[in-house]
1. Percent of Cα-Cα pairs per 10 Å bin, from 0 to the last occupied bin, for the stretch 240-440, please list those.
2. State whether the chain is rounded, prolate or oblate according to the following rule on the C-alpha gyration tensor (a ≥ b ≥ c being the square roots of its eigenvalues): a/c under 1.5 gives rounded; otherwise a/b larger than b/c gives prolate, and the remaining case gives oblate.
3. Quick check on the stretch 213-289: what are the equivalent-ellipsoid semi-axes from the Cα gyration tensor, as sqrt(5λ), descending, whole Å?
4. In terms of the Cα gyration tensor, with a ≥ b ≥ c the square roots of its eigenvalues, is the stretch 118-255 rounded because a/c is under 1.5, prolate because a/b exceeds b/c, or oblate?
5. Between Gly77, Gly139, Gly303, which gets the highest mean-square fluctuation from a Gaussian network model of the chain, Cα cutoff 10 Å?
6. Fully extended, how many nm does the chain gain between Ile82 and Val272 (0.36 nm per residue separation, minus their Cα-Cα distance)?
7. If only Cα atoms are counted, what is the Rg of the stretch 37-234, and what is its Dmax, in Å?
8. Return the calculated 222 nm mean residue ellipticity for the chain, to the nearest 500 deg cm²/dmol, obtained by summing -39500 (n - 2.57) across DSSP H runs with n ≥ 4 and dividing by the residue count.
Amino acid sequence: MKHNATSFARAREAWENWVVFNSSVLDRLHRLLLPPDPVQRALTLATITASLSTGLFYSISALYFTRVIGLAATTVGIGLTIAGAVGVLTSFLGGYAADRVGADRLQLGANAVQGAALFAYVFATDAVAFTLIACVAVGSRSLQGSAKATLQARWFLGADRVGIRARLRVITNVFIGLGTVLAGAALLVDTGTAYRTTMVAVGLFTAAATVPLAGLRRVPGFAAVMDVHLDPDHVQGPSPLRDRTYLASAALNSVIAMQFSMTSVGVPLWIVTRTEAPAVVISVLLVLNTVLVALFQVRAARGTHDVLIAGRTVRRGSLLLATACLLYAAAGSVGMVVAVVLLVGGELLSTWAEIWCEAGGWGLAFELADPRSAGAYQGLTQTGYSLASMVAPALVTATAVDHGWPGWAFLAVLFAASGTAVGVVAGRAARRAVTVELVA
């Protein structure tokens, strides 16, 4: 009887622990998806629908453009390159526009335009129409990026800004993954109708993001913060183009941001063309990346609102990224099993590098900016990211994929040098800030 009572007590304790654990998980999930702050909640809901749209689009767009519209792959590449150039320009102009019309208004309008543009792909029949639609879609997405960053810079302060940026990135990754899963239905059916239907869903999901954004101005005090340009006492801050510290930080972090194309373009091409690893490893690595970002991005962002810590975080991340490049390179000269091990190891390092570099980069983008010109400064950072996404696929392919070890070594040195330089820039900025405070 005593043994049975002890077993029952242990079972009951285990059950209670399980209930407490799951309640904690559900509570965290609820706070992540429906945070109490109304502005954060609106941004979260908008990010959820937009990310589902992105996942669907990434999964079927190449097949839609080539097999449904009937475009040659080179035509698609040229059209998207032109659209990427438009995105670089609108990222920069979007920052200044956010300072002059209100970041929320710009984000709302750009989101609606993007939804309409993505829906318009359904009616594209030739290269000209495709390119024009792509320019509008990519340009409006870039406007949103600058507007969204400006909104966060103006409404939130200090650690909250980086923390919220980290949470939104987790949500983005998770729901892009879910969108990719949903797109599997169209890929299985593999018909023009299925792809067109999915493209309609892409436009609708994107347009749905306007609904939570439309209610932001009902939040007490929000309109006044966004419309600071209407205050007669407001003094416009300097241009970020004259801020050498911010320019250097933005440029160096843009170089590091090329890691995203390395992960999405370079590594998959390397696996299928230069290693013995099976192609399915590509999916394994992408899932691994998504899971690690979801688990650790928020934690890694803690403290990076401090400029010195942010710089050190980017530096550490860049060194991990450089090491990952060498592991990827080594996978090209070994057998299948060892290649898989090296690729997984490289992905673990590059994902952790991504987490650190993003967290530190956000802190520097927010804290080094002049708050009087928040839009212009955030627009410059977004311009760097847009430029990196346009240039990186060709650069990564021309170096690592085409030349193997020398190319990977070049990327490793490039990332390590850029991250180290970010640490130097951040250190100098932190010391200047301390000096100014002592003098004041």
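1. Taking all Cα pairs of the stretch 240-440, the binned fractions are 10, 35, 32, 16, 6, 1, 0 percent.
2. On the way: a/c = 1.17, a/b = 1.06, b/c = 1.11.
The shape class here is rounded.
3. On the way: eigenvalues 403, 93, 9 Å².
Working through the eigenvalues yields semi-axes of 45, 22, 7 Å.
4. Since a/c reaches 1.5 and a/b is larger than b/c, the shape of the stretch 118-255 is classed as prolate.
5. Answer for the Gaussian network model of the chain: Gly77.
6. 65.6 nm is the gain from fully extending Ile82 to Val272.
7. Both quantities, over Cα of the stretch 37-234: 17.6, 60 Å.
8. -27500 deg cm²/dmol
Only the coordinates and a few stated rules stand behind these numbers; no lab work does. Computed from a predicted structure; not experimentally measured.
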